[in-house]
């Protein structure tokens, strides 16, 4: 039994959901999102809650049960509030700034990095060493944040690079004489 799948997803005020076949459409103040579930699960709406139940007892049905419930919960949350990832830039001379829809990163490379922000996500740079990635799609926000981080991952000796806010980087000890 899936502990996550058993829990119903509650629809907050201002969010409505409709089901047609295996397609769920969620409308909220921030966005309108759709999701098509596999044939292994059944979606139902009752009393302001979306319930996911497996069809049968196959391994695939049980796998899809918890995953579908989590995707539906993220859909409902994303239509009501924005998902947010915060990044920090550490290193002498490392900085970032937004120019229109392009993020300009100066990361100690021989060239500046121009990162084009995809549609559906907004990136802001409140300071030169801080980035905020926001959007209604949790997967897209996490992927954009990971792509930005991949340009200069934190290294283990000085900790220079792009890291998630609050991320702990294990510091190695350097060479001893």
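Please treat every number below as a calculation from the coordinates, not as lab data. Keep in mind that this is a model prediction, so the values were computed, not measured.
Some notes on this structure:
- Relative contact order (percent, whole number), the chain, Cα cutoff 8 Å, 6+ residue spacing: 18
- Gyration tensor (alpha-carbon) shape descriptor, the range 83-164, a/c threshold 1.5: prolate
- Against the main long axis of the alpha-carbon atoms of the chain, helix 138-149 sits at an angle near 10°.
- MRE, 222 nm, helices only [DSSP H, n ≥ 4, -39500 (n - 2.57), over the chain, to nearest 500]: -7000 deg cm²/dmol
- Once Rg/Rh (Cα atoms, Kirkwood Rh) is calculated for the structure shown, the corresponding label among [x] 1.11; [y] 1.00; [z] 0.93 turns out to be [x].
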